[in-house]
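I have a structure here, written as C-alpha cells, and I will follow up with some questions on it.
Read-outs throughout are calculated quantities, based only on the coordinates presented, and are distinct from any laboratory measurement. Everything numeric in this text was worked out from a predicted model, so none of it was measured. Because the Cβ atoms are built from the backbone with ideal geometry, glycine has one as well, and the counts that use them run over all protein chains shown.
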Amino acid sequence: MQGPNVILRLRYYRASDAELDRSKEKNRLKINNRKYYSSNMKDGSDYLNYIEDGIKVGTGFDYLDYMNSHEHATGVFNKNGLMNENDKSEVRKLLRKTKSCIWDMVISFSEMFGKDKVKTYQDAYEIVKNNLPLILKENGIDEDNVVWFAGLHKNTDNRHIHISFFELEPRCRRANKKGELFHQGKFRHISLENFKVAVEEYMSDNKYFFESYR
C-alpha cells in the first residue's frame with residue numbers, strides 16, 4: 001500500500017522558554033531553541049540562515065545535517081517572493097523582540113511525489129502561500145497578523161519545505177483572562193490532518209501547475 005504523499009511536523013517555541021532556569025538540564029534545549037529561532041544566538045546562527053542555506057549549525061538540531069549547502073537549499077522566501085537582505089534584516093528585528101510563539105513547520109513529500117511536483121522555489125512558494133492561511137484560520141490565527149518565511153530543501157530523497165512563522169500582535173482571547181494574548185502554540189490535531197490533505201489536493205490540481213510555471 002502506498003503511504004501518504006505529504007507528511008507534516010509542527011513545533012513551537014514560547015517566549016517564556018528563553019527565561020527558564022538554565023541550570024536545569026531539561027531546560028537547556030528549550031532555551032537554545034527559542035534563542036535560535038528568534039535570532040538571539042551569540043554565535044549569530046539562526047533558523048533563517050538554515051532555511052536559506054541549509055548550513056550545519058551544531059548540536060541540538062538533529063535534522064540540520066547539511067554539507068555543500070547551496071546544492072540543497074533554494075533560497076528563503078516570504079509572501080512576496082524571494083527575500084532580499086533588507087527583508088531578512090527586518091524579519092530578524094521582529095524575531096528578536098517578539099513575545100509570540102515561533103512555530104517551526106516542515107512539510108515533507110514522498111520521494112516521487114516531491115521530485116515530480118516540487119522542483120523549484122516557485123513550486124514551494126505556491127504551496128505555502130495558498131495553504132498556510134488554511135491551518136492558521138482553523139486555529140484562530142489571523143493570517144494578516146502573521147509573518148512567515150520558508151525555503152525548499154532537496155538534501156534528501158524526500159524534498160521538504162521548512163516554514164517559520166509568528167504573530168505580530170496578541171489577538172487571542174482566553175476565558176477568565178483580561179485583554180488579548182498571543183496564541184499558546186498548540187494546533188488542533190484535526191487541523192493538521194486537514195492541512196496535509198489540502199496540500200496534496202492542491203498539488204494534484206491543474207491550477208497548481210499553472211501557478212507554479214507561469
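Could you give log10 I(q)/I(0) at q = 0.08, 0.10, 0.13, 0.17 Å⁻¹ for the chain, computed by the Debye formula over C-alpha point scatterers of equal weight, without solvent?
Log10 I(q)/I(0), no solvent term: -0.28, -0.44, -0.76, -1.29.
Hey, what's the Cα Rg ratio for the range 127-200 versus the globular rule of thumb, 2.2 N^0.38 Å?
That works out to 1.27 for the range 127-200.
Modelled label-to-label distance, Asn145 and Leu8, 7 Å Cα→beta-carbon offset: nm?
That separation, rounded to one decimal, is 2.0 nm.
Can you list the HN-Hα couplings for the range 16-32, worked out from phi with the Karplus curve (6.51, -1.76, 1.60; θ = phi - 60°), rounded to whole Hz and with x for Gly and Pro?
These are the phi-based 3J(HN,Hα) values: 5, 4, 6, 9, 5, 6, 5, 5, 8, 4, 5, 8, 4, 5, 4, 4, 5 Hz.
Let me ask something else about it. Could you work out the relative contact order of the chain? I mean the mean sequence separation of Cα pairs under 8 Å and 6+ apart, divided by the number of residues, in percent.
Across the chain, relative contact order equals 24 percent.
Here is a follow-up. Would you please give the residues with an amide H less than 5 Å from that of Val6, counting only those at least 5 places away or on a separate chain, with H modeled from the backbone geometry?
Ser110
Mind running the shape call on the range 76-198? Use the C-alpha gyration tensor, a ≥ b ≥ c as the square roots of the eigenvalues: rounded below 1.5 for a/c, prolate if a/b tops b/c, oblate otherwise.
Verdict is oblate for the range 76-198.
Helix 121-138 versus the longest principal axis of the chain: what is the Cα-based angle in degrees, 0 to 90, to the nearest 10?
Approximately 50 degrees, to the nearest 10.
Could you tell me which trypsin sites (Lys or Arg not before Pro) in the range 124-211 are loop residues by DSSP with no more than 11 other beta carbons within 10 angstrom of their beta carbon?
Arg173, Arg174, Lys177, Lys178, Lys186
Determine ³J(HN,Hα), in whole Hz, for all residues of the range 149-160 in sequence, where each value follows from phi through the Karplus function 6.51 cos²θ - 1.76 cosθ + 1.60 and θ = phi - 60°; x replaces Gly and Pro.
The phi angles translate into 9, 7, x, 8, 10, 10, 7, 10, 5, 9, 5, 8 Hz.
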